[in-house]
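Visitor: If you scroll down you'll find the structure; I have some questions about it.
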Protein chains: 2
Amino acid sequence: MSKSDSISMSVIRRLPRYYRFLSELNDQNIDKISSTKLAQIMNVTASQVRQDLNCFGGFGQQGYGYSVSQLKEEIKNILGLNNDYKAILIGAGNLGKAVAMHMNFEKLGFELIACFDNNEQKVGTKINGITVKNETELDDFCNKNHIDTAFLCIPRVCVENVLDKLYSHGIKNYWNFSHYDINARYNDTLVENVHLSDSLMTLCYRMNNN
Amino acid sequence: MSKSDSISMSVIRRLPRYYRFLSELNDQNIDKISSTKLAQIMNVTASQVRQDLNCFGGFGQQGYGYSVSQLKEEIKNILGLNNDYKAILIGAGNLGKAVAMHMNFEKLGFELIACFDNNEQKVGTKINGITVKNETELDDFCNKNHIDTAFLCIPRVCVENVLDKLYSHGIKNYWNFSHYDINARYNDTLVENVHLSDSLMTLCYRMNNN
DNA sequence: AACACTATGTTAATTATATAACAATCTTGA
DNA sequence: TCAAGATTGTTATATAATTAACATAGTGTT
């Protein structure tokens, strides 16, 4: 990585947004953009755009602005979307299925290589061409395959058991849809939480107070 | 609301987390907790706990701590989870279906009263007892029913058309799973975004850089 | 080639958020 | 009932994030 080594989480969380808007501009065949214009489109300040981008290097040119296609590619690389991280999905319920079917993993740096569920009824069914395996096969699968990350779409009470297994196989990166606090159990893990009900509660609060 | 009128978004986004942990403690029949202990469990500082809670009032007692059940109820009320906001779901694809089936809306202050999709194949099917209606019936439904919020689980390109309709009926609160920038079109709306791909990209970045 | 203009990269100022400190107050047990 | 201990509510300090300012460097037109 080009400049600093400890980019703040606030900046990191904005990167996908930059990437999205730049992709749109690129699709519209717009080839240059100034921080001011980009800021207008994204509803942020031009200062923030320039500061954010400069965390990673000087991608612009004074008097001209930024090349849309180049900047888009730069951010793509910064995010590491060209990776091919091997992922497994734990939990083939509604949410797990939706995640597996809905996401364009290959465009996001991942490849989904297996799904597991402990419900006999789901075992054997197919999700996006992947046959759901029984959770009892998890250990064996982990032994035989390289796995970079696990997507947890199971109820909170089921997490601990599965997590211990995964961790014992050296899996330390998690996309976590449950309310289980993974970091509290293993503090050397990298966890990205998606708490849908938290998000909805936040909406509720704001509806009450605006 | 008891104290200040403009609580920062940072605090608001932590409230569901307090609520979750307090609910757990309550389920374990623990009846009192100090800010220090709660902070330990939640992996934050005791100062933050006390500051956060004091945005809404003095729920604790010096020398004693906080009553778990009382504090839980207070936060529940602050979040407004006793509400019965009427919600409609737009988009009965994988994600929409998962959201509808997965969430405990009534515990979160909402009631899902209808689902819409523009795909003839989905129209007529049932999700959690709710029959999916054709999107052509949306206008009529909005005329005949009170609706507080809409959950958007449709592709970006489909949003503008639907959004214009919903907005014209006075619906201004959105739980938005698409990448459409609702606030850019209508700036007097209240939008809670859930960007799953942004979240996954963030995980990707962090996997690369740790 | 020179000049007016544009827009970056970067440093400085401001604002927001998080942590620490502590006085005031309640609890509890002798 | 009183004193020792505990823990809050709140104010003060420190850190982080955002915004503003501006000097510097490249653009493009005449």
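We did not get these values from a lab; they are worked out from the coordinates using the rules stated. Not measured: the values here are computed from a predicted model. Cβ: placed from backbone, ideal geometry, glycine included. Neighbour counts: every protein chain shown.
Visitor: What are the residues whose amide H is under 5 Å from the amide H of B:Ser34, where those residues sit 5 or more places off or on another chain and H is modelled from the backbone?
Guide: Residues meeting the amide H criterion: B:Tyr66.
Visitor: Could you run the Karplus curve 6.51 cos²θ - 1.76 cosθ + 1.60 with θ = phi - 60° over the range A:60-66 and give me ³J(HN,Hα) per residue in whole Hz, x for Gly and Pro?
Guide: Calculated HN-Hα couplings, in order: x, 9, 4, x, 10, x, 10 Hz.
Visitor: At 222 nm, what helix-only mean residue ellipticity would chain A give, in deg cm²/dmol to the nearest 500, using -39500 (n - 2.57) for each DSSP H run of four or more?
Guide: Numbers: 9 runs with 94 residues, N = 210.
Per the formula, -13500 deg cm²/dmol.
Visitor: OK, next. Please give the net charge around A:Gln62, taking every other residue with its beta carbon less than 14 angstrom from that of A:Gln62, where Lys and Arg add +1 and Asp and Glu add -1. Can you show the working numbers first?
Guide: Details: positive: A:Lys32, A:Arg50; negative: none.
Local charge sum for A:Gln62: +2.
Visitor: Run through the other copies and list how far each one's label point is from that of A:Ile30, in nm with one decimal, shortest first; the point sits 7 Å from Cα along Cα-Cβ.
Guide: Reported distances to equivalent positions: 5.1 nm.
Visitor: If the label for B:Val44 sits 7 angstrom from Cα along the Cα-to-Cβ line, what are its distances to the same label in every other copy, in nm to one decimal, shortest first?
Guide: 2.4
Visitor: Right, something else. Please list 3J(HN,Hα) in residue order for the range B:169-175, calculated via the Karplus relation 6.51 cos²θ - 1.76 cosθ + 1.60 where θ = phi - 60°; whole Hz, with x for glycine and proline.
Guide: Ordered by residue, 3J(HN,Hα) equals 8, x, 7, 10, 10, 9, 9 Hz.
Visitor: Still on this structure: Find, among the GluC sites (Glu not before Pro) in the range A:112-186, those assigned to loop by DSSP (not H, G, I, E, B) with at most 15 other beta-carbon atoms within 10 angstrom.
Guide: Numbers: sites: A:Glu120, A:Glu135, A:Glu137, A:Glu160; in loops: A:Glu120.
When the GluC sites (Glu not before Pro) of the range A:112-186 are filtered for loop state and at most 15 Cβ neighbours within 10 Å, A:Glu120 remain.
Visitor: Still on this structure, please answer the following. Given contacts defined as C-alpha pairs under 8 Å and at least six residues apart, what's the relative contact order of chain B, whole-number percent? Spell out each step's value before the answer.
Guide: On the way: 271 pairs, mean separation 28.7, N = 210.
Dividing the mean separation by the residue count of chain B yields 14 percent.
Visitor: For chain B, modelled as a GNM with alpha-carbon contacts under 10 angstrom, which of B:Asp198, B:Asp148, B:Asp181 fluctuates the most?
Guide: Maximum among the listed residues: B:Asp198.
Visitor: If you add up the charges near B:Leu112, with Lys and Arg at +1 and Asp and Glu at -1, over every other residue whose beta carbon is less than 13 angstrom from its beta carbon, what do you get? Please report the intermediate quantities before stating the final value.
Guide: Numbers: positive: B:Lys86, B:Lys97, B:Lys107, B:Lys126, B:Lys133; negative: B:Asp84, B:Glu106, B:Glu111, B:Asp148.
That works out to +1.
Visitor: Enumerate the amide H contacts of A:Phe110 below 5 Å, restricted to partners 5 or more residues apart or on another chain; note that Pro and chain-start residues carry no placed amide H.
Guide: Close amide H contacts, sequence-distant or interchain: A:Tyr85.
Visitor: What are the distances, in nm and sorted shortest first, from the label point of B:Lys86 to the label points of the same position in each other copy, with each label point placed 7 Å from Cα along the Cα-to-Cβ direction?
Guide: Listed shortest first, these distances are 5.2 nm.
Visitor: Which chain B residue puts its Cβ closest to the axis that rotates B onto A, and at what distance in whole Å?
Guide: B:Ala98, 2
Visitor: Using modelled amide H (1.01 Å from N, peptide plane; none on Pro or chain starts), what sits under 5 Å from the amide H of A:Cys55, excluding residues fewer than 5 places away?
Guide: Distant-sequence amide H within range of A:Cys55: zero hits.
Visitor: Summing Lys, Arg as +1 and Asp, Glu as -1, what charge do residues with Cβ under 15 Å from the Cβ of A:Asp84 carry, A:Asp84 excluded?
Guide: Values: positive: A:Lys76, A:Lys86, A:Lys107; negative: A:Glu106, A:Glu111, A:Asp148.
That works out to 0.
Visitor: On to the next question. Against the longest alpha carbon principal axis of chain B, how many degrees, from 0 to 90 and to the nearest 10, is the axis of helix B:196-208 turned?
Guide: The helix B:196-208 is inclined about 50 degrees to chain B.
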